[in-house]
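To start, the structure under review is shown below, and the notes come after it.
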Amino acid sequence: MEDQFRHVVMVIYDGVENSVFESQVVAPLLVELADDLALEVTLISFERALPSAAVLCKKIPAHDRLHLVLARRLPFFGTVSLWPALWQLIKILKLTGATQLRARGPLAGWLVLRVVERSVPYNGFFSKLVGEFIAACTSRYISLRETLETDGKWLFKLRSLRVFCSQNKTYPEVRTRYFRKKPVAKDIPPVLVQARGLAAEEYRYAAHRGGRRGLRRLKDWLTQKFLHELEASVYGYRGVIARCGQFTIEAVSEALQEHLVKVFKAKQAVITIATKDITPMVAREQVEAWRLAKRSELCIPIDARVYVYSGSFKPWQCAQETVAEAATILHRESDAFFLALTTDVADFEQAVQASGIDAVRCRVLRVASAELTQYLAAADAGFLLREADVINWVSRPTKMLEYQAVELEIVHNNTVGCLARAKP
């Protein structure tokens with residue numbers, strides 16, 4: 001029997017030029033397309049500024065079953081700033097259709113949930129059950145709460161439903177919202193929201209480092225508040241899609257899963273842990289071959305214990321703290337060696353020199369992203385130090401996955417929930 005055709009629509013709101021777009025968005029989709037020949041994917045990306053054709057060709061390889069739609073978005077300032085994107089998404093989905101909808105992050109999740117809710121069928125202004133009561137109406141308000149709430153096939157919930165009938169009118173006036181017929185799962189496409197972090201906390205962290213004052217600080221506070229409220233409405237969603245069992249949240253870590261349940265009142269049963277976007281393990285024989293080749297290229301002794309750092313010199317990656325920790329280890333272990341793979345070569349060389357690390361026992365170099373895994377294989381352990389903050393605790397750092405792909409021991413400071421031996 002032929003596989004049933006599936007059309008997955010994935011919505012992202014942080015753009016194709018995001019640093020993890022290729023590894024965390026495109027790569028897993030390409031794997032899915034290779035595994036399922038009956039699958040077709042449409043990627044809808046909302047952009048502040050449309051990327052050039054050269055950028056798109058670099059980020060997204062040509063594929064006959066992977067399509068890209070670009071749309072404009074406004075700077076976020078409350079859900080009202082999402083309305084133009086919502087209107088665009090409604091029009092796009094009318095043209096494409098979907099058997100499953102995925103949203104990366106809470107902003108895309110809010111858009112997808114609102115679009116699907118608009119598509120839920122209603123049964124009109126009068127239901128059959130209400131019609132049976134019209135004949136019994138008199139010239140007074142009649143409460144139908146107790147009677148109608150017992151029949152779940154017709155109504156979800158009645159708040160203050162009353163029917164008014166005047167003696168000189170043929171039909172009664174129904175002073176309530178129209179009645180919603182209970183949808184079934186087949187009426188609604190499955191919705192998957194990918195939780196990859198905490199938007200409000202990440203904005204707070206970035207704004208705090210910016211050191212803004214006055215009106216800008218007020219704007220930052222309001223934006224953080226709006227993001228928190230939006231996250232609560234998405235992760236704590238209890239609407240018609242959830243009641244039909246078609247709503248799922250995919251978290252990157254158990255720590256994030258616990259946070260969503262505790263802070264945003266998400267249902268434990270609808271949360272799963274992401275596994276498809278994890279960097280695949282490299283064969284041990286290949287790792288050993290790369291290890292020997294790269295150590296020979298860098299003139300690193302075969303019996304040395306190599307500690308590697310992969311990343312930039314940005315403060316949030318704790319680069320200064322990493323260099324200091326490397327200096328301590330090299331002072332303690334006579335056979336230790338420090339390898340830094342970074343785009344900020346000059347900054348690292350200056351920090352290494354200031355820390356007193358012997359230049360003979362250290363290498364700082366810039367490598368192409370395609371060769372990064374080969375150079376990581378030359379090491380025995382990788383540094384992953386982070387600040388003690390909730391955004392780091394619930395995260396699943398890409399560097400952690402890259403280190404684990406070549407079976408490196410990870411040197412950390414217990415600030416990432418995936419790695420910590422005990423909660424701080």
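The values are calculated or read from the model by the stated rules, or taken from the named source; none is laboratory data. Keep in mind that this is a model prediction, so the values were computed, not measured. Note: ideal-geometry Cβ built from the backbone for every residue, glycine included; neighbour counts use all protein chains shown.
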Wholly within region 1-105, strands (runs of 3 or more DSSP E) carrying at least 1 residues that are surrounded by fewer than 16 Cβ atoms within 10 Å (Cβ to Cβ): 6-12, 66-72
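Can you pull out the residues in region 198-219 that are buried (at least 16 other Cβ atoms within 10 Å of the Cβ), out of contact with any Pro (no Cβ under 7 Å at 6 or more places or on another chain) and modelled with pLDDT of 85 or more?
Just the residues of region 198-219 that are buried (at least 16 other Cβ atoms within 10 Å of the Cβ), to begin with: 198-205, 207.
From what is left, the residues that are out of contact with any Pro (no Cβ under 7 Å at 6 or more places or on another chain) are 198, 200-205, 207.
Passing the criteria: L198, A200, E201, E202, Y203, R204, Y205.
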Unique match (being under 30 Å from L30 (Cα atoms) and exposed (fewer than 12 other Cβ atoms within 10 Å of the Cβ)) among P280, P301, P315: P280
Residue within region 374-382 that is at pLDDT 90 or above, surrounded by fewer than 20 Cβ atoms within 10 Å (Cβ to Cβ), aliphatic (A, V, I, L, M) and closer than 12 Å to Y309 by Cβ present: yes
Those residues of region 337-361 which are within 24 Å of A405 (Cβ to Cβ) and crowded, with 19+ Cβ neighbours inside 10 Å, in sequence order: F337, F338, L339, A340, L341, T342, F348
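Quick one: which helices (runs of 4 or more DSSP H) lie wholly within region 231-347 and hold at least 3 residues that are without any contact (Cβ under 8 Å) to a residue 24 or more places away in the chain? Break it down into steps so the answer makes sense when it comes.
Details: elements: 240-243, 254-264, 284-298, 319-332.
In region 231-347, 254-264, 284-298, 319-332 are the helices (runs of 4 or more DSSP H) which contain 3 or more residues that are without any contact (Cβ under 8 Å) to a residue 24 or more places away in the chain.
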Residue match in region 384-393 (condition: surrounded by fewer than 18 Cβ atoms within 10 Å (Cβ to Cβ), polar (S, T, N, Q) and over 21 Å from I300 (Cβ atoms)): no
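How many of the residues in region 47-76 are of a type in the set (K, R) and more than 16 Å from S19 (Cβ to Cβ)?
Quick first cut of region 47-76, residues of a type in the set (K, R) only: 48, 58-59, 65, 72-73.
Right, trim to more than 16 Å from S19 (Cβ to Cβ) and you get 65, 72-73.
Within region 47-76, residues that are of a type in the set (K, R) and more than 16 Å from S19 (Cβ to Cβ) number 3.
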